[in-house]
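Trainee: First, the structure itself, so that you have it in front of you.
The values are calculated or read from the model by the stated rules, or taken from the named source; none is laboratory data. This structure is a prediction, so every number in the text was calculated from the model and none was measured. Reconstructed Cβ throughout: ideal geometry from the backbone, glycine too, with neighbour counts over all protein chains shown.
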Amino acid sequence: MKRFALILSLALTLPQLAFAWGYIGHKAIAEIAERNLTPKAKAAIERYTNGTPLHEYSLWMDEVVATPPYNKALAGWHASICDVDCTSPKIVRERYRKSRDGVTAMEQFQLQLKDYKNLSDSTVLTAIKCIVHIVADFHCPTHMRYVDLHNEGKYPVDFLGQRWDYHAVWDTGIVEAYHKGWDFVKYADQLNTLSKGEINKITKGWAQQWFEDGSRAVRPIIYWVINDGKNIQKLDMEFVNKCGPLAESQMQKAGYRLAKALNTIFGK
Ligand SMILES: [Zn+2]
């Protein structure tokens, strides 16, 4: 408990108000993870959640982002950063991040939860809620920070005839428009289809490797939209169809990797 309190008390500046993946994306990722838990991990987790589905927790970090004490305690965990080669070792994270980052948070949780049975129930439940959110967030394209590029996307675009913030296009716009009418269960059904071999391949490593893989896949999209500060770029269904497969792939990987994280921590 003390150690967790210490991690939480390393409160820092600059909370990043960001809502990666929105309602459908976050819930779909948590649902895919839930379906891939080992029986042992599932039972261990349910001791803390009383059987509440993981997707119910998936947006909690965004819901409390402006509420004390969480606004400080959980600040900075919604994004992660890598260098020009899309690598994210500790030295890069510590040097370039604004406050804190999701990859480091996942390394801390892995260490801290090694003896989760000796932590208080509320501490473990809070950690579960955070992990479910953080792994999803650092798979979201506009939550990936590159040391040499500003890709947060905080500028207006015309998205399908309406004024949007480009950041929000990746958080929710593409997921909602790519398969109109799909809810998170439908997304989970469609994306939870990889073979055991494919799952083993994409879940190798831990947060740093997962984030680096995503940041390599995502980096080219930064050039798809240009912000010259004058002209509002129009993004139509052709753009949605171009981005949709990448958004789906990132959600799919996030779901399986979230399961791997929870199985590693709670499956022993
Ligand atoms: Zn977030």
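Trainee: Out of all the residues in the stretch 123-132, is one or more surrounded by fewer than 20 Cβ atoms within 10 Å (Cβ to Cβ), assigned to a loop (DSSP other than H, G, I, E, B) and more than 16 Å from the ligand (Cβ to nearest atom)?
Mentor: no
Trainee: Condition test on residue 221, is it of a type outside the set (S, T, N, Q), touching a Pro at 6+ places or on another chain (Cβ under 8 Å) and assigned to a helix (DSSP H, G or I)? Spell out how you get there, then give the answer.
Mentor: On the way: of a type outside the set (S, T, N, Q): yes; touching a Pro at 6+ places or on another chain (Cβ under 8 Å): yes; assigned to a helix (DSSP H, G or I): yes.
Taking the combined requirement at face value, the residue satisfies it.
Trainee: Shifting gears a bit: What pairs come out if I take residues in the stretch 54-68 that are more than 13 Å from residue 184 (Cβ to Cβ) and pair them with residues that are assigned to a helix (DSSP H, G or I) and away from the ligand (no atom under 14 Å from the Cβ) whose C-beta lies under 7 Å away, six or more apart or interchain?
Mentor: Pairs found: 57/128.
Trainee: Could you name every one of the helices (runs of 4 or more DSSP H) located completely within the stretch 12-117 that has at least 1 residues being among the aliphatic types (A, V, I, L, M) and within 16 Å of the ligand (Cβ to nearest atom)? Working first, answer last.
Mentor: Details: elements: 22-35, 39-49, 60-63, 70-73, 90-96, 102-112.
Qualifying helices (runs of 4 or more DSSP H): 22-35, 60-63, 70-73, 102-112.
Trainee: Determine the pairs where a residue that is farther than 14 Å from residue 146 by Cα and without any contact (Cβ under 8 Å) to a residue 40 or more places away in the chain, located within the stretch 69-95, has a partner that is within 16 Å of the ligand (Cβ to nearest atom) and assigned to a loop (DSSP other than H, G, I, E, B) with Cβ atoms under 9 Å apart, the partner being 6 or more residues away or on another chain.
Mentor: Qualifying pairs under 9 Å: 70/64.
Trainee: Can you tell me which residue within the stretch 19-33, out of those that are touching a Gly at 6+ places or on another chain (Cβ under 9 Å) and not β-branched (Val, Ile, Thr), is farthest from residue 196 (Cα to Cα)?
Mentor: Initially, the stretch 19-33 is screened for residues touching a Gly at 6+ places or on another chain (Cβ under 9 Å), giving 22, 28-33.
Checking which are not β-branched (Val, Ile, Thr) leaves us with 22, 28, 30-31, 33.
On the way: 22: 28, 28: 20, 30: 19, 31: 18, 33: 14 Å.
Once the filter is applied, the top-ranked residue is 22.
Trainee: Going by what's in this entry, would residue 139 be described as closer than 25 Å to residue 59 by Cβ, at pLDDT 95 or above, part of a loop (DSSP other than H, G, I, E, B) and within 14 Å of the ligand (Cβ to nearest atom)? Please lay out each step first, then the result.
Mentor: On the way: closer than 25 Å to residue 59 by Cβ: yes; at pLDDT 95 or above: yes; part of a loop (DSSP other than H, G, I, E, B): yes; within 14 Å of the ligand (Cβ to nearest atom): yes.
When the stated conditions are applied, residue 139 passes them.
Trainee: Please determine whether any residue of the stretch 199-215 is under 19 Å from the mean Cα position of the chain (by Cα), assigned to a loop (DSSP other than H, G, I, E, B), small (Gly, Ala, Ser) and modelled with pLDDT of 95 or more.
Mentor: Yes; the residues of the stretch 199-215 include at least one that is under 19 Å from the mean Cα position of the chain (by Cα), assigned to a loop (DSSP other than H, G, I, E, B), small (Gly, Ala, Ser) and modelled with pLDDT of 95 or more.
Trainee: Let me ask something else. For the stretch 142-166, name all the residues that are away from the ligand (no atom under 15 Å from the Cβ), hydrophobic (A, V, I, L, M, F, W, C) and under 18 Å from residue 244 (Cα atoms).
Mentor: Listed by number, the residues that qualify are 157, 159, 160, 164.
Trainee: Which residue is surrounded by the most Cβ atoms within 10 Å (Cβ to Cβ), if the candidates are limited to the stretch 142-171 and must be at pLDDT 95 or above and part of a loop (DSSP other than H, G, I, E, B)?
Mentor: 160
Trainee: Would it be correct to say that residue 189 is free of Cβ contacts under 8 Å to residues at least 12 places away in the same chain and among the acidic types (Asp, Glu)? Walk me through it before giving the result.
Mentor: Values: free of Cβ contacts under 8 Å to residues at least 12 places away in the same chain: yes; among the acidic types (Asp, Glu): yes.
Yes.
Trainee: Here's a follow-up. Can you confirm whether residue 182 is crowded, with 22+ Cβ neighbours inside 10 Å and either out of contact with any Asp or Glu (no Cβ under 6 Å at 6 or more places or on another chain) or without any contact (Cβ under 8 Å) to a residue 12 or more places away in the chain (or both)? It would help to see each step written out before you state the result.
Mentor: Details: crowded, with 22+ Cβ neighbours inside 10 Å: no; either out of contact with any Asp or Glu (no Cβ under 6 Å at 6 or more places or on another chain) or without any contact (Cβ under 8 Å) to a residue 12 or more places away in the chain (or both): yes.
Answer is no for this residue.
Trainee: Among the candidates 212, 107, single out the residue that is surrounded by 17 or more Cβ atoms within 10 Å (Cβ to Cβ) and among the charged types (D, E, K, R). Steps first, please.
Mentor: Details: 107 fails: surrounded by 17 or more Cβ atoms within 10 Å (Cβ to Cβ).
Only one candidate qualifies: 212.
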